[in-house]
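Asker: Next up is a structure, given as structure tokens.
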Amino acid sequence: MRRLIIFFLLYPCFTNGQIIKDKTEGIDPNKMMISKNIFRVLLSASSDTKFSIAGNYEREIIKPITFVAKVGPAYDRQFTYRDIAGNDQYKWLFNFYASAELRIYYNLKRREKTNKTVKNFSAFYFSIEEQIISKPIYIINKAGNEDLKGRNAEFINIGYQYEKLGTYYNIFFGTKLPGPIYNNVVSGLDLLHIGISIGRAY
């Protein structure tokens, strides 16, 4: 009986010892490190390129300003017509795209002062971007003899990127710069530039 009483008295000590977790688990030891040259592979979804895989290169110019380049294949689906049975028909387009972007990470210094993660420019940014999309290199379910051309556009963006233990996340929102495109848009949504990416840094 005495042993049973001792066991129940000491049991809370054992359970507390078991539920204590290592607080350092999952913390990136290099969370304050910023490389001059950063290479990434990204899987992205956006309003312009729809779905894409891209190689990404970011180069520090003068902290907190960087140059970012992306290139890779993109996939898009577009509505063509509704058949007599009422079914929507689509065409699938495969393109190559490339972009060049100048970014300024406006809250980077504040994040450094408060000891928050800044790994490879993990911060909010403003940017100016030039994007080029090639004419389709392959089309599935092409409608008629349409001549689909490549296109290019310039954007102003605001975004946020974050890197932890080699995994990279990015989300951005922007709009096309004023130009001839403003006279040919169907709706205001055509001017938006929105996207999200996930990838690996090397």
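Residue by residue, here is whether (1) in contact (Cβ under 8 Å) with a residue 24 or more places away in the chain; (2) over 22 Å from the mean Cα position of the chain (by Cα); (3) closer than 24 Å to Asn30 by Cα holds:
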residue: Phe67; (1), (2), (3): yes, no, yes
residue: Asp76; (1), (2), (3): yes, no, no
residue: Phe79; (1), (2), (3): no, yes, no
residue: Gln89; (1), (2), (3): yes, yes, no
residue: Tyr160; (1), (2), (3): yes, no, yes
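Asker: Moving on. Could you list, in sequence order, all residues of the stretch 158-173 that are of a type in the set (Phe, Trp, Tyr) and surrounded by 20 or more Cβ atoms within 10 Å (Cβ to Cβ)? Write out each step before concluding.
Answerer: Pass one, the stretch 158-173, residues of a type in the set (Phe, Trp, Tyr): 160, 162, 168-169, 172-173.
The answer is Tyr168, Phe172.
Asker: Given the criterion surrounded by 14 or more Cβ atoms within 10 Å (Cβ to Cβ), in a strand (DSSP E or B) and either modelled with pLDDT under 95 or not charged (D, E, K, R) (or both), identify the matching residue among Phe79, Phe155, Phe121. Full working, then the answer.
Answerer: Working: Phe79 fails: surrounded by 14 or more Cβ atoms within 10 Å (Cβ to Cβ); Phe121 fails: in a strand (DSSP E or B).
Going through Phe79, Phe155, Phe121 in turn, the sole match is Phe155.
Asker: Now, a different point. Mind checking whether some residue in the stretch 132-141 is more than 20 Å from Asn37 (Cβ to Cβ), modelled with pLDDT of 95 or more and either within 15 Å of the chain's Cα centre (by Cα) or outside any strand (DSSP E or B) (or both)?
Answerer: Looking for residues that are more than 20 Å from Asn37 (Cβ to Cβ), modelled with pLDDT of 95 or more and either within 15 Å of the chain's Cα centre (by Cα) or outside any strand (DSSP E or B) (or both), one finds none in the stretch 132-141, hence no.
Asker: Could I ask something else about it? Among the residues of the stretch 37-54, write down those that are of a type outside the set (Ser, Thr, Tyr) and either part of a strand (DSSP E or B) or farther than 17 Å from Glu101 by Cβ (or both).
Answerer: Asn37, Ile38, Phe39, Arg40, Val41, Leu42, Leu43, Ala45, Lys50, Phe51, Ile53, Ala54
Every residue, every condition in (1) in a strand (DSSP E or B); (2) surrounded by 15 or more Cβ atoms within 10 Å (Cβ to Cβ); (3) among the hydrophobic types (A, V, I, L, M, F, W, C); (4) modelled with pLDDT of 90 or more, yes or no:
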residue	(1), (2), (3), (4)
Ile5	no, no, yes, no
Phe14	no, no, yes, no
Asn56	yes, yes, no, yes
Phe67	yes, no, yes, yes
Pro73	yes, yes, no, yes
Leu93	yes, yes, yes, no
Arg103	yes, yes, no, yes
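Asker: Right, another one. For the stretch 133-152, which positions are surrounded by 15 or more Cβ atoms within 10 Å (Cβ to Cβ) and free of Cβ contacts under 8 Å to residues at least 40 places away in the same chain?
Answerer: First, pick out the residues of the stretch 133-152 that are surrounded by 15 or more Cβ atoms within 10 Å (Cβ to Cβ): 133-134, 136, 139.
Matches in the stretch 133-152: Ser134 only.
The values are calculated or read from the model by the stated rules, or taken from the named source; none is laboratory data. In this text the structure is predicted, and so the values were computed from the model without any measurement. Positions of Cβ are backbone-derived with ideal geometry, glycine not excepted, and every protein chain shown enters the neighbour counts.
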